[in-house]
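Remarks on the structure that follows.
The values are calculated or read from the model by the stated rules, or taken from the named source; none is laboratory data. Quick caveat, the model's predicted, so the values are computed rather than measured. Neighbour counts run over all protein chains shown; Cβ positions are idealised from the backbone, glycine included.
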Amino acid sequence: MTFYRSKYRKFYASAPATAFAHNGAGSNIVYGDPEIEASLPGGIERNSMNLLIEKVLCTGISK
């Protein structure tokens, strides 16, 4: 599994700078966001994950 931080927003443009992700083989992704205290496990493609992150953040989920 590869670990990515979203500090410079290069991997997931929709994610805040505090977010992180673990990417495994194929489309296995676990996304974590400490700002909204949420994690998103998923077996979806990278581009689709960015769209999912954007939609979750737009729902107004907060602490």
| request: Give the range 49-63 a look and list any residue that's surrounded by 12 or more Cβ atoms within 10 Å (Cβ to Cβ), modelled with pLDDT under 80 and over 13 Å from P16 (Cα atoms), or say none. | output: M49, I61
| Which of the strands (runs of 3 or more DSSP E) contained wholly in the range 12-63 include at least 3 residues that are more than 8 Å from the chain's Cα centre (by Cα)? | 38-42
| Within the range 21-34, how many residues turn out to be of a type outside the set (S, T, N, Q) and touching a helix residue (DSSP H, G or I) at 6+ places or on another chain (Cβ under 9 Å)? | 4
